[in-house]
Amino acid sequence: VQGVRDGGGDPRPRRVLVFPLPFQGHIDPMMHLAGALHARAGLAVTVLHTRFNALDPARHPEFRFVEVPDGVPAGVAATGRIIDVILAMNAAMEASPAAVLGALASAMIAEDEDEEAPRAACLVIDSNLLSVQRAAEKLGLPTMVLRTGSAACLRCFLAYPMLHDKGYLPSQESQLYMPVPELPPLRVRDLFQTKISSHEMVREVIARITETVRNCSGLIINTFEALEPDELQKLRGELDLPLLLAAGPLHKLSSKTTGSSLLDQDYSCIEWLDTQPPGSVLYVSFGSLAAMDSGEFVEVAWGLANSGHPFLWVVRPNLVQDTDIAQLPDGFEDAVKGRGMVIQWAPQQEVLAHRAVGGFWTHCGWNSTLESVGEGVPMICRPNAVDQMMNARYVEEVWGVGFELEGELERGEVEGAVRKLMGGGREGAEMTERAEVLRRKVAECLDGSGSSRTAIDKLVDYMLSL
Ligand code: UDX
């Protein structure tokens, strides 16, 4: 990378400020991007973060941290509902902009007082932080945006007004399987939705995301060219931005330590995986937010037990609605002795990279999907909400590396799905082969001249030119 140290004639090294949305699926990609900029180009990094889901600076001694008052009322924070928190946080920051202006200024100005300190080149924000973008504008600080979801998801957001005008949304039960020809291969049921937040709230969040994206000085998407070539091409036509880069999978571009798990990861599962035959274990995890009721939980447990296949299952606190720690059904532990392990939170990237893992039952959060793709692991998809439905659609229909387990969660269906993926039959084997082909494409995009590597170089040059 040219000019990292000269910053356009300025002898000081440059600093990048980053501000992730404080949720696991948003923090991780932002911290990985920061890690890549720091490790590859020597840029100094300041992380702005909220008290809600606060990051631990001690785990990242290479970065500087500045806390921004988030103003999220305790009642909203306690729900943990992402849409509600996004709206509350933006509303609070807009109602009293002095707090965010002060934090941004301290991240920029304090350094300028020191002759030797790196000068702030720009701020990279999560696309949900319009209020922060507005504050940065007042300070003359250019903002770049990180989209932590897929390119297809962003196209869906941009199309949201059209989807309403044409009557696809709000979706009607009778139209769920109707194709949306403007966004192939999506059907009405695959469009972004949530079960708990109101349609109006979702609409507002999406309108704010599109405004943030349209106003930014450059957009980085956590995807790669070979995964979503058509979607990226269309986005470049639809958005008139100075820079639009596909730089993912970001977790593959930085060292593992720049991940920022909010829960403690249980590494004992890696020792257990070491004892299992190659490709034999199904890894089961539904991400950081998805929840199920206690009846569904019992069906999952017995479906896994009855499948006869080894499994590693993440049962995180609050996975089961209204309980802190879910109780496994009587007799379950004896039934799966030696071939089933249940933990509260996994080092997921290491688990998926482990040779013993041959399948992933996932809720299809975008990070989980990319992490699975990156290791060539085929998927059983059980999307829950937000962008997960469309991610599952791409997994099944476009990339052919998994299938959706639809309908009510019932132990016989679960058992059948596990056997279909892991049982050595033709369909499962073909998905595994296609997953391996996709894994090689990931490896290629990360090569010296690969598309995502090059994207990071372009990004650094661009940041230094701002
Ligand atoms: C989801 C959506 O993906 C996101 O787009 C949306 O805005 C919010 O909801 P989440 O449910 O957290 O996020 O799922 P995912 O995107 O898959 O991210 C989960 C992250 O947690 C992954 O990076 C995964 O590696 C990590 N994880 C998960 C662990 O470290 N350990 C676990 O046991 C499970």
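The values are calculated or read from the model by the stated rules, or taken from the named source; none is laboratory data. Because the structure is predicted, anything quoted here is derived from the model rather than measured. Counting neighbours? That spans all protein chains shown, and the Cβs are built from the backbone with ideal geometry, glycine included. Quick note on the areas: whole protein, heavy atoms, side chains included, nothing else; ligands and nucleic acids left out. Shrake-Rupley method; radii C 1.70, N 1.55, O 1.52, S 1.80 Å.
Scanning region 304-312 for any residue that is away from the ligand (no atom under 12 Å from the Cβ) and under 30 Å from Ala58 (Cα atoms) turns up nothing. Regarding region 249-271, can at least one residue be identified that is over 30 Å from Ser451 (Cβ atoms) and more than 14 Å from the ligand (Cβ to nearest atom)? There is at least one residue in region 249-271 that is over 30 Å from Ser451 (Cβ atoms) and more than 14 Å from the ligand (Cβ to nearest atom). A Cβ distance below 9 Å, combined with a sequence gap of six or more or placement on separate chains, defines the contacts here; from region 234-257, residues that are free of Cβ contacts under 8 Å to residues at least 24 places away in the same chain reach residues that are surrounded by 13 or more Cβ atoms within 10 Å (Cβ to Cβ) and in a strand (DSSP E or B) in the pairs Arg236/Leu244.
Across region 437-466, which residue is modelled with the lowest pLDDT among those that are out of contact with any helix residue (DSSP H, G or I) (no Cβ under 7 Å at 6 or more places or on another chain), open to solvent by less than 60 Å² (accessible area, probe 1.4 Å) and not aromatic (Phe, Trp, Tyr)? Ranking the qualifying residues of region 437-466, first place goes to Leu464.
Restricting the search to helices (runs of 4 or more DSSP H) fully inside region 184-280 and requiring at least 1 residues that are under 23 Å from Leu130 (Cβ atoms) and out of contact with any strand residue (DSSP E or B) (no Cβ under 7 Å at 6 or more places or on another chain) gives 199-215, 229-238. Looking only at residues of region 228-243 that are within 25 Å of Asp447 (Cα to Cα) and open to solvent by less than 20 Å² (accessible area, probe 1.4 Å), we find that the one that is nearest to the chain's Cα centre (by Cα) is Glu228. Restricting the first member to region 286-309 and to residues that are under 10 Å from Val336 (Cα atoms), and the second to residues that are open to solvent by 10 Å² or more (accessible area, probe 1.4 Å) and within 16 Å of the ligand (Cβ to nearest atom), no beta-carbon pair is closer than 6 Å while six or more apart or on different chains. Taking first residues from region 152-172 that are touching a residue at least 12 places away in the same chain (Cβ under 8 Å) and over 13 Å from Arg203 (Cβ atoms) and partners that are crowded, with 22+ Cβ neighbours inside 10 Å and of a type in the set (Lys, Arg), the Cβ contacts under 7 Å between residues at least 6 apart in sequence or on separate chains come to Leu154/Arg147. Residues that are touching a residue at least 12 places away in the same chain (Cβ under 8 Å) and outside any loop (DSSP other than H, G, I, E, B) within region 312-339 comprise Leu312, Trp313, Val314, Val320, Phe332, Ala335, listed in sequence order.
When region 421-436 is limited to residues that are in contact (Cβ under 8 Å) with a residue 40 or more places away in the chain and out of contact with any helix residue (DSSP H, G or I) (no Cβ under 6 Å at 6 or more places or on another chain), the one that is most open to solvent (accessible area, probe 1.4 Å) turns out to be Arg434.
Applying the condition of being over 20 Å from Val377 (Cβ atoms), open to solvent by less than 10 Å² (accessible area, probe 1.4 Å) and under 22 Å from the mean Cα position of the chain (by Cα) to region 317-365 and asking which residue is farthest from the ligand (Cβ to nearest atom) yields Val320.
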